[in-house]
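Following: one structure in structure tokens, then a few remarks.
The values are calculated or read from the model by the stated rules, or taken from the named source; none is laboratory data. Since we're looking at a predicted model, the values are computed, not measured. Neighbour counts run over all protein chains shown; Cβ positions are idealised from the backbone, glycine included.
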Amino acid sequence: MSKTITPHAAACEEILTAEIEYNTANKSYPTVNRVAERLLSSRTELDDAYLEIHAKLATSKLGLQMFFDGLLYTAAFWNPDELIKARDMRSRLNDLNTEIAKKASELTKLLETRTRLNGQEGFYTDTHCDVLEVMEIAARNNALYEMYVGENVRSLRGQYDMKYWPSLGQFVGVIAEDANQALVQASNPLTSAGTASKRASQADFFRAWFKRIEHDRSKNHLPQDFELSDNSYASFGNSVLNVGADELVDSAYVKRLRQRDREAERTKRNCSEID
């Protein structure tokens, strides 16, 4: 870290230091602290970026705090490594739904066959055939079920026999259909943006970060027209991701990324209008 500090860098580093102190005192978010420490150790490299962000948000300390909050937390939880894990989880969920759909469909056929054969040729199996009975047994360790639901279910079961309820095969069939039609979706817009491309790369982090900035603009945490230069985006990104010399990005990289995404968004919007 450079010994001399400019006023704009001091204002930015004050926010970073306060974040570290708060998290340390509360024993929380050590990953965020590590990101903040990277920024603090990159004062010289970030001086121009600090100058720009301070000039644009100096009149709003909240805006400056929200900017660094977005940068720190996106880098901590939506960095390239974390987004690779998210992609793997998405693939795993898709594979699980495919497997569940297959096995539940097979089980549906087996249950229906057993129901059809039960009682034929003088044999039957003493197995479950009442979906409410199965629910009762499955809930036997659920105290809340017994306290609030069980009595009503047993009353209904006494009033209406099995012909009024779906069969076990039908019940499992719905599970098969549900899994077959399931669409794995991101639970938040940053994960969605960071996993939108076909291949994982550093661009995933920038897309997630841009989405966070867009969110903060929409909530008036940042000015509606807030934007940084491509060079500042690159400088902040290189610092928080702690990349090696061969992985550093420059303003041209960020510019190309943003242009590609704008073109993709226009194409998507045009296709939507045609549909």
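Condition check: in contact with a Gly (Cβ under 7 Å, 6 or more places away or on another chain), on the phi < 0 side of the Ramachandran plot, assigned by TED's automatic domain parsing to the domain that holds Phe236 and in contact (Cβ under 8 Å) with a residue 60 or more places away in the chain. Does Leu57 satisfy that? Please lay out each step first, then the result.
Values: in contact with a Gly (Cβ under 7 Å, 6 or more places away or on another chain): yes; on the phi < 0 side of the Ramachandran plot: yes; assigned by TED's automatic domain parsing to the domain that holds Phe236: yes; in contact (Cβ under 8 Å) with a residue 60 or more places away in the chain: yes.
Yes; evaluated as a whole, the condition is true for this residue.
More than 29 Å from Ser192 (Cα to Cα) and within 32 Å of the chain's Cα centre (by Cα): does that describe Ala138? Yes: the conditions hold for Ala138. Here segment 218-236 is the region considered, the condition is being assigned to a helix (DSSP H, G or I) and more than 20 Å from the chain's Cα centre (by Cα), and the residue that is nearest to Ala36 (Cα to Cα) is Phe236.
Give me the residue from segment 237-274 that is among the hydrophobic types (A, V, I, L, M, F, W, C), touching a residue at least 40 places away in the same chain (Cβ under 8 Å) and outside any helix (DSSP H, G or I) and, out of that set, nearest to Trp78 (Cα to Cα).
Kept after step one, since they are among the hydrophobic types (A, V, I, L, M, F, W, C), are these residues of segment 237-274: 240-241, 243, 245, 248-249, 252, 254, 257, 264, 271, 274.
Now restrict to residues that are touching a residue at least 40 places away in the same chain (Cβ under 8 Å): 240-241, 243, 249, 254, 257.
Cutting the leftovers down to outside any helix (DSSP H, G or I) gives us 243, 249.
Values: Val243: 15, Val249: 17 Å.
Top of the filtered list is Val243.
Is it fair to say Ser167 is closer than 30 Å to Glu112 by Cβ and either surrounded by 17 or more Cβ atoms within 10 Å (Cβ to Cβ) or touching an Asp or Glu at 6+ places or on another chain (Cβ under 7 Å) (or both)? Taking the combined requirement at face value, the residue satisfies it.
Among the listed residues Glu82, Glu45, Glu133, which satisfies the condition of being assigned to a helix (DSSP H, G or I) and either more than 35 Å from the chain's Cα centre (by Cα) or at positive phi (or both)? Spell out the reasoning first.
Numbers: Glu82 fails: either more than 35 Å from the chain's Cα centre (by Cα) or at positive phi (or both); Glu45 fails: either more than 35 Å from the chain's Cα centre (by Cα) or at positive phi (or both).
Checking each option against the conditions leaves just Glu133.
Any residue in segment 226-241 that is on the phi < 0 side of the Ramachandran plot and modelled with pLDDT under 95? No: segment 226-241 contains no residue that is on the phi < 0 side of the Ramachandran plot and modelled with pLDDT under 95.
Going residue by residue through segment 196-204, is there one that turns out to be touching a Gly at 6+ places or on another chain (Cβ under 7 Å) and either of a type in the set (Val, Ile, Thr) or in the same structural domain as Arg43 (by TED's automatic domain parsing) (or both)? Yes: segment 196-204 contains one or more residues that are touching a Gly at 6+ places or on another chain (Cβ under 7 Å) and either of a type in the set (Val, Ile, Thr) or in the same structural domain as Arg43 (by TED's automatic domain parsing) (or both). Evaluation of Arg207 against the conditions (1) farther than 18 Å from Lys85 by Cβ; (2) basic (Lys, Arg); (3) buried (at least 17 other Cβ atoms within 10 Å of the Cβ) shows that the sole unmet condition is (1).
Going through Glu82, Glu13, Glu21 one at a time, which residue ends up being over 23 Å from Asn188 (Cα atoms), of a type in the set (D, E, K, R) and surrounded by 13 or more Cβ atoms within 10 Å (Cβ to Cβ)? Can you show your working first?
Details: Glu82 fails: over 23 Å from Asn188 (Cα atoms); Glu21 fails: surrounded by 13 or more Cβ atoms within 10 Å (Cβ to Cβ).
Just a single option satisfies the conditions, and that option is Glu13.
With respect to the conditions (1) under 30 Å from Lys109 (Cβ atoms); (2) among the β-branched types (Val, Ile, Thr); (3) surrounded by 15 or more Cβ atoms within 10 Å (Cβ to Cβ), Val174 falls short on a single one, namely (3).
Please determine whether any residue of segment 184-193 is more than 16 Å from the chain's Cα centre (by Cα), in a helix (DSSP H, G or I) and β-branched (Val, Ile, Thr). Walk me through how you get there before you give the answer.
Taking segment 184-193 first, the residues more than 16 Å from the chain's Cα centre (by Cα) are none.
No, the conditions are met nowhere in segment 184-193.
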